[in-house]
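Data block below; observations after.
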Amino acid sequence: MLKGSKNGSHPTSELPFLIASDPGQAGHLSTCVVHGSIWPVGARKISPALLIEGHPVGLVQLLPTASPCAELTTEAARDRCVAIRTQLSQANLFGSPSADPGSHKATTQQATTTWRVSPCPFYLSADQLQFFTALGPQLLSFYRALNQLYSESVKGRQPAWVAASLDQGKPEALVQYSRMKRLRDELPAVIRPDVIPTEDGMVITELDSVPGGIGLTACLTQIYDDLEDTHAGLVGGREGMVRGFARMLRAIQQQREGCIAILVSEESKDYRPEMSWLAAQLRKEGIAAWCIEPREVIFTEEGLRLRTDGKEYPIAVVYRFYELFDLLNIPKAELVQYAGKKDRVAITPPYKPALEEKSAFALLHHPILSRFWEQSLGSDCLRHLQTIMPKTWLLDPTPLPAIATIPNLHVGGHAVAQWTALEGATQKERQFVIKPSGFSELAWGSRGVSIGHDLSQAEWSQALRNALAAFPTTPYILQEFHKGRLFEMDFMDDDRQTLIRMSGRARLSPYYFVSEGTVELAGILATVCPADKKILHGMKDAIMVPCAVRSAGSSQRPLSIQQ
């Protein structure tokens, strides 16, 4: 492997690319790595216009890579990417640079989000699919147990600090609403964990019960399934996401007369295009469903209604696509809550902020609660969840007694008794993430996240102090950081109209829908971010594709997981 160098009269120095010979081509082709992207190169023709970091590269020519899909030629893979992007644009799920997001009504708003399109799904093995299939019931059991733990804490049967920590920073009126008897057993009907494949196995960084990506994953799955010569077994099947979502809504609606209203707030407006697309698919399944803004809800003494296509419909179910921290900014939010309180409409996810806190992971690992978790989950499920859910601590500034330590927290091999001890941790010892626990505008979309080893000592100390100071209104958590393993995927480069192979880290987002007490895996969205990104989320530089199970005998190796 040769390090790249400046040519001509400039002194030799290391450039941000490497050239390696390709044994498969007898040295005729090589591989050029530029900021994590892998390019084959050849010396057939000089490209004097090429610059890397401002330096001319005249020794190699960048050529398109071959697709990781063994059955596709480079040209076929490129054509497939064009077809995928075209269909996403037609579905109004892929943004256009010329789109004006303010010039459309909520129901027809132009998509503005973009990402990198790949010709192939993200492949899993059959064993890995089994891992995700088994995970759904385990997470539903976790939600049931968490709901029970909170309820028993309120009643004094479990430590009072459990409910106090989950209620911290919430308006008292919302807390009391969530404790209504008729909501006692209600749980989120959509469960989406963020799963990071690491060298040591899978890690769940958090759970989301109001997740984006449902419509996007459904649409992507349909598009990839329809591609010519596609033989991959997409997780959930072509219609799994739409039909799973439909079954969940039917189970909630039961005998209620009326339609489904998917309420998308202004804060969540970027997701309106995909939820509008999803509503249209639901109507094809025979479910009267529309995606609307909260201000479009019509309140009557009999219940909620909506008007569309010249007709007025009673609303049977409200699918809440807005965060509870944002209630004060949502038009008619109090009327929706009132209708739910009087049982004139079913609302999902339920107004239970205690179930939307990331600090729930801290409760799972707390030694005082170990007996409760074992009795509620069983020893095998508890052991598995404690393995894949990283250790987490609520950053509560309340002083500890002199003889106490923070459970399971060690830095430099020493137990920690005060949070201030973390300020002096070395970069190697700062393998932690600080982020808001839940009830905050910073608690979604990877906002408000600080990664300890990615900060200077001063920045780390300040992030820790800020998090502790915010506890009264916005509790933060401290969580172990787990580095994702690397994968290689191809994506379409629009400027060059060719394929580029990117080295990146993946976030896998399985979507589970709960119907009548059972949980179903309907699909998995893979978000592969460039290798230099520490926080993995949907971004324009990420590759976003559905997951599939590779057929037997395929030449492509699926990702490796140690369970």
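The values are calculated or read from the model by the stated rules, or taken from the named source; none is laboratory data. Just so we're clear, the structure is a prediction, and the values are computed from it rather than from any experiment. Glycine also receives a Cβ, built like all others from the backbone with ideal geometry; neighbour counts cover every protein chain displayed. The area values use the complete protein model at the heavy-atom level, side chains included, leaving out ligands, DNA and RNA. Shrake-Rupley method; radii C 1.70, N 1.55, O 1.52, S 1.80 Å.
The table below lists the values:
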quantity: Apportionment of accessible area to carbon and sulfur, the range 415-499, percent (1.4 Å); calculated: 49 percent
quantity: Solvent-accessible area per residue, Å², over the range 168-259 with all protein chains present [probe radius 1.4 Å]; calculated: 40 Å²
quantity: The range 197-281: relative contact order in percent, alpha carbon pairs under 8 Å with at least 6 residues between; calculated: 36 percent
quantity: Surface share of carbon and sulfur [accessible, 1.4 angstrom probe, percent] for the range 184-264; calculated: 37 percent
quantity: FRET E, pair Asp200, Arg283, Förster distance 56 Å, beta-carbon r, rounded to 0.05; calculated: 0.80
quantity: For the range 305-344: accessible area per residue (Å², 1.4 Å); calculated: 52 Å²
quantity: The range 350-449: relative contact order in percent, alpha carbon pairs under 8 Å with at least 6 residues between; calculated: 26 percent
quantity: Å² of accessible area per residue within the range 462-539, as computed with a 1.4 Å probe and no ligands counted; calculated: 37 Å²
quantity: Test item: Cα-centred dipole of the range 214-319, Lys/Arg +1 and Asp/Glu -1 on Cβ, debye; calculated: 340 debye
quantity: Surrounding net charge for Met539, when Lys and Arg each add one and Asp and Glu each subtract one, Cβ distance under 15 Å; calculated: +3
quantity: Cα centre as origin, Lys/Arg/Asp/Glu Cβ charges: the range 360-497 dipole, Debye; calculated: 520 debye
